[in-house]
1. Can you say whether Ala50 is within 30 Å of Leu77 (Cα to Cα), touching a Ser or Thr at 6+ places or on another chain (Cβ under 8 Å) and at pLDDT below 90, as far as the supplied structure shows?
2. Please indicate, with yes or no, whether at least one residue in the range 10-26 is of a type in the set (S, T, N, Q), within 15 Å of Thr57 (Cβ to Cβ) and outside the structural domain of Leu55 (by TED's automatic domain parsing).
Amino acid sequence: MYVYKRTEPMLWTVGWEDSEGRWHSESDHDSSEEAAGRVAFLNGNSSDKAILNKLDTIIGLLGEIKSDKAQQFMVDLYKED
């Protein structure tokens, strides 16, 4: 099960502990809300907020490669839901 913990004054890290108590980091976030959303998503919660956060990330990455067709495809894909 994924959890998050505050690892620095303004940093929350998502990850999990193995059976021997070793921490495995998955991602870092600037707020507890972002970390909680990521934990919910990773643990199988398909809440609208978690889905929208993932969609924002995908669209942002697509914008970086400057692919208008790819961006429109993703927008259209999520409109259908």
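The values are calculated or read from the model by the stated rules, or taken from the named source; none is laboratory data. Just so it is clear, the structure is predicted and the values come from calculations on it, not from any experiment. Every residue, glycine among them, receives a Cβ derived from its backbone with ideal geometry; neighbour counts consider all protein chains shown.
1. The answer is no for Ala50.
2. no
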